[in-house]
Structure formats: structure tokens, C-alpha cells
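One structure is given here, and the rest of the page talks about it.
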Amino acid sequence: MEWKPDQYLKYADLRRRPAIDLLTRVDLAAPQTIYDLGCGAGNVTRLLRERWPTSRIVGLDSSESMLAKARAAEPGIEWRLADLAAWRPERPADLLFSNAALHWLDGHESLFPALYRSLALGGVLAVQMPHNRAEPSHTGMAAAARSGPWRAILEPLLREAPVMAPAAYFDLLAREGAGLDIWETEYLQRLEGPDPVVEWTKGTALKPLLDALAEPDRGRFLADYSARMAAAYPRRADGVTLFPFRRLFIVAKKG
Ligand SMILES: C[S@@+](CC[C@H](N)C(=O)[O-])C[C@H]1O[C@@H](n2cnc3c(N)ncnc32)[C@H](O)[C@@H]1O
């Protein structure tokens, strides 16, 4: 899909928090080469630069609009257009870091071992992905997609949940000999303003569905989904909407 960086970055602080939590568990003093896989607009890549000011850092993404924003903000990092399904580093990497990106790819049974194998000895694969497809924000999206005249257009766009159980990543990577630190965190996110969960998903999973529809179906589908979100995540008396969000973290060290 074509990303809209400004919509995605509406909640930049909440989206950056898990990247910081992941970074605290990466025990590398001076990695020579770091790749940020699915770097988006570069917000998290900048954290990598702050932590390792002298490393070579490459941000990779398949979205030109995201990379354009990243390049404008941070010319000191290499920004490259790449599809992570096929990309592998030219030489073994010291750190492959990925925040909120690999759940956009299928085939994790082969992707994760392949990325792990492209690490240098002592290198680290550090990944964070949302693990919330069973939550109303996503089940409600699928239900709304299936309950209108737009069903024939939207149903093929509903993806199978790509993120597996934590133990499945443990098995996959332990088989490769990785030293592993895997955990989940559920953030009780505090959102404000009207339809905040819809504003959140408009920057990610909802976007390809909205892009596939023309008016008036687009507006009707959005109204249906918004009503489901208002019921599932009611606005409290203090104006706050609580949006629990589970995320999976994987740190795999080679050697
Ligand atoms: C939710 S954004 C996360 C951006 C950034 N890592 C951050 O934390 O702010 C996901 C990014 O993954 C990228 N992406 C999705 N599929 C990709 C693929 N197959 N190859 C490269 N990048 C991909 C998208 O273009 C998008 O910029």
C-alpha cells in the first residue's frame, strides 16, 4: 500500500515507545553495520543513530513516501528502497532492527531464519511486531468488511494473521542456535479526541481497505467500522479512550 506518513505519525510517541523498549534489550557496544528493516519515516532509525553515533546505519523500506520523509529529516543515514521479502544484506550484519514492520510480510517460518542467518557472529536480530489481530480493532475491521455491498472487494484484502505465537519464534530461532529473549507487553494506550481508534488504524491496517473503495461505499464502510470501534472502545467520562495494544518482542543473538 502507499503509506501516508502524517497519518501514521499522529500517534508518533505511542508508536515509538515499543522501539525504545526493544532497544534497551539490545546488548551491542559498537555494531559496525545496522539495518533498520521497514524504517518508515525514520523516527526509530534516529534512535539507532543516537545510540550508535559512529555505526553505518541503513534504513530500508518499500514505501517511497515514507523514505522521502526520512531522507528530508536525516540526510546522514543511508535510505534505500527495498522489499524485505527478498532483501538480504550484502555482508553479514551486526544488527537487524525492525519496529512494527515485519507483520506486513507473510512467511515468517522462512523469513525469520533467513534474517537470522544473515547476521555476523555476535550479531543481533531485534524485532517488535503488534500481536493484536484477535482484538476488536481488527476483528471489527474484518466484520465491517464482510457486512456490506463492499464485501467482494474487501474480503480478498483481509490477510491471514501473519504473527505467530511467541513459542513458535522461539522454536524457529532456537533451531538455528540463537540466544533468545522473547516477550510480550500489552500497553494500555491512552488516546484522545473523536474516533481515536479509527484514527489509529487509518494510519495502518484500515488504509488498504479504505483505498480500495470509492464513495459512497467508502464512507458507509468507515461509518460501520467507526460505530464498532465506539462500542468496543468507549470514550470515558474524562474524555480518554483506552486502547490496549499487545506487542511481541524478539531479540535473537548469534553466537
Ligand atoms: C508501521 S510502519 C513502521 C515504520 C518504522 N519502523 C517505525 O517504527 O516508525 C511499517 C513500515 O514497514 C514498511 N514495509 C511493509 N512491508 C514492507 C516490505 N515488504 N519491505 C519493506 N518495507 C515494508 C512500510 O512501508 C512501512 O513504512
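Annotations
- So LYS69, is it over 18 Å from PHE249 (Cβ atoms), modelled with pLDDT under 95 and within 11 Å of the ligand (Cβ to nearest atom): yes
- Matching entry among GLY177, GLY148 (being modelled with pLDDT of 95 or more and on the phi > 0 side of the Ramachandran plot): GLY177
- Qualifying position, being outside any loop (DSSP other than H, G, I, E, B), in contact with a strand residue (DSSP E or B) (Cβ under 9 Å, 6 or more places away or on another chain) and over 18 Å from LEU105 (Cβ atoms), among ARG49, ARG25: ARG49
- A count restricted to the stretch 52-64 and to residues that are within 15 Å of the ligand (Cβ to nearest atom) and loosely packed, with under 15 Cβ neighbours inside 10 Å stands at 1.
- One residue stands out among those in the stretch 164-177 that are touching a residue at least 40 places away in the same chain (Cβ under 8 Å) and assigned to a loop (DSSP other than H, G, I, E, B): the one that is nearest to GLY122 (Cα to Cα), which is GLY177.
- Taking (1) away from the ligand (no atom under 13 Å from the Cβ); (2) in contact (Cβ under 8 Å) with a residue 40 or more places away in the chain; (3) charged (D, E, K, R) in turn, GLU78 satisfies each apart from (2).
- When ARG49 is tested against (1) within 12 Å of the ligand (Cβ to nearest atom); (2) within 24 Å of PRO89 (Cα to Cα), just one condition goes unmet, and that condition is (1).
- Boolean, ALA161 is in a loop (DSSP other than H, G, I, E, B), within 22 Å of the chain's Cα centre (by Cα) and without any contact (Cβ under 8 Å) to a residue 40 or more places away in the chain: yes
- Helices (runs of 4 or more DSSP H) wholly inside the stretch 178-255 containing at least 1 residues that are farther than 17 Å from ALA144 by Cα and away from the ligand (no atom under 16 Å from the Cβ): 196-202
- Residues (in contact (Cβ under 8 Å) with a residue 40 or more places away in the chain, farther than 16 Å from MET129 by Cβ and acidic (Asp, Glu)) located in the stretch 178-196: GLU192
- A single entry from ALA237, ALA168, ALA231 fulfils the requirement of being surrounded by fewer than 17 Cβ atoms within 10 Å (Cβ to Cβ), within 25 Å of ASP13 (Cα to Cα), over 16 Å from the mean Cα position of the chain (by Cα) and aliphatic (A, V, I, L, M): ALA237.
The values are calculated or read from the model by the stated rules, or taken from the named source; none is laboratory data. None of the values given here were measured: they were computed from a predicted structure. We place every Cβ from the backbone using ideal geometry, glycine too, and count neighbours over all the protein chains shown.
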